[in-house]
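Chemist: Input: one structure, supplied below.
The values are calculated or read from the model by the stated rules, or taken from the named source; none is laboratory data. Remember, predicted model here, so these are calculated numbers, not experimental data. Methodologically, a virtual Cβ is constructed for each residue, glycine included, from the backbone with ideal geometry; neighbour enumeration extends over all protein chains shown.
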Amino acid sequence: MRILLSFSLLLICIVVSCGNSEDKAIEETLTVRTKAYETKDADLYMTSIAPDYKHEKNGKVIGVEQIKKNFLTNVSLFDTIELTNSDRTINRDGDKAEVAQITLVNAVVNKTKSRFKINDRIVIEKRNGKWLIVKESDADFLEGFVFGGSH
């Protein structure tokens with residue numbers, strides 16, 4: 001009986017620790033994404049994006065080049081950007097995961113501060129041992145930014 005109990009506990013520990021390591025790896029990808037936005041580093045950002053990134057939006061296919069262009073558009077206007085993610089949930093199913101989170105954006109343009117929230121939904125897949133973004137929210141930082149004031 002003790003052997004069975006010990007084996008069961010060991011098996012539970014292995015399952016829990018494997019899940020945690022995968023969640024940590026997903027968190028690392030999200031951290032790279034956040035750091036890329038805050039440093040406006042397109043090359044760093046692209047390391048978190050799957051090379052075959054492609055999804056359809058309003059009848060238009062969004063691929064790797066467009067996602068990089070969208071990133072540069074989002075960050076180029078701002079003097080500084082600070083992101084804080086909260087209420088993050090990771091729903092993982094094998095080598096796929098969907099992340100839902102609220103991203104609070106603090107941005108500055110010409111000494112004018114603005115603060116807004118984005119409801120982020122990000123789809124991540126494990127490719128060659130690395131978790132990469134295969135679909136991002138349709139969030140546009142410019143939509144939330146209020147020129148000439150903050151909210």
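Chemist: Tell me, which residue of segment 61-100 that is within 16 Å of the chain's Cα centre (by Cα) and of a type in the set (S, T, N, Q) is nearest to ASN128 (Cα to Cα)?
Modeler: Within segment 61-100, the match that is nearest to ASN128 (Cα to Cα) is ASN91.
Chemist: Looking at (1) touching a residue at least 24 places away in the same chain (Cβ under 8 Å); (2) out of contact with any Phe, Trp or Tyr (no Cβ under 6 Å at 6 or more places or on another chain); (3) of a type in the set (S, T, N, Q), which is the only condition SER86 fails?
Modeler: In the conditions (1) touching a residue at least 24 places away in the same chain (Cβ under 8 Å); (2) out of contact with any Phe, Trp or Tyr (no Cβ under 6 Å at 6 or more places or on another chain); (3) of a type in the set (S, T, N, Q), SER86 misses (1) alone.
Chemist: For segment 103-134, name all the residues that are within 16 Å of GLU38 (Cα to Cα), touching a strand residue (DSSP E or B) at 6+ places or on another chain (Cβ under 7 Å) and of a type outside the set (D, E, K, R).
Modeler: THR103, LEU104, VAL105, ASN106, ALA107, VAL108, SER114, PHE116, ILE118
Chemist: For segment 38-72, name all the residues that are closer than 24 Å to VAL105 by Cα, of a type outside the set (S, T, N, Q) and modelled with pLDDT under 90.
Modeler: Correct list: LYS57, ILE62.
Chemist: Cβ-Cβ below 9 Å, separation at least six or inter-chain, first residue in segment 34-48 and surrounded by 15 or more Cβ atoms within 10 Å (Cβ to Cβ), second assigned to a loop (DSSP other than H, G, I, E, B) and at pLDDT 95 or above: which pairs?
Modeler: ALA36/THR47; ALA36/SER48
Chemist: State the number of residues belonging to segment 111-127 that are under 16 Å from the mean Cα position of the chain (by Cα) and surrounded by 15 or more Cβ atoms within 10 Å (Cβ to Cβ).
Modeler: 7
Chemist: Select, from LEU30, LEU10, the only residue that is modelled with pLDDT under 95 and in a helix (DSSP H, G or I).
Modeler: LEU10
Chemist: Mind counting the residues in segment 104-151 that are at pLDDT 90 or above and small (Gly, Ala, Ser)?
Modeler: Of the residues in that region, 2 qualify.
Chemist: Same structure again: When only residues in segment 109-124 that are assigned to a strand (DSSP E or B) and basic (Lys, Arg) count, which is farthest from ARG88 (Cα to Cα)? Before the answer, list the steps.
Modeler: Taking segment 109-124 and keeping what is assigned to a strand (DSSP E or B), we get 109, 112-124.
Keeping just the survivors that are basic (Lys, Arg) gives 113, 115, 117, 121.
Details: LYS113: 25, ARG115: 19, LYS117: 14, ARG121: 10 Å.
Only one residue tops the list, namely LYS113.
Chemist: Filter segment 126-135 for residues that are in a strand (DSSP E or B) and either more than 12 Å from GLU22 (Cβ to Cβ) or among the basic types (Lys, Arg) (or both) and give the result.
Modeler: LYS126, ARG127, LYS130, LEU132, ILE133, VAL134, LYS135
Chemist: Next up: Given the options PHE71, PHE78, name the one that is hydrophobic (A, V, I, L, M, F, W, C) and part of a loop (DSSP other than H, G, I, E, B).
Modeler: PHE78
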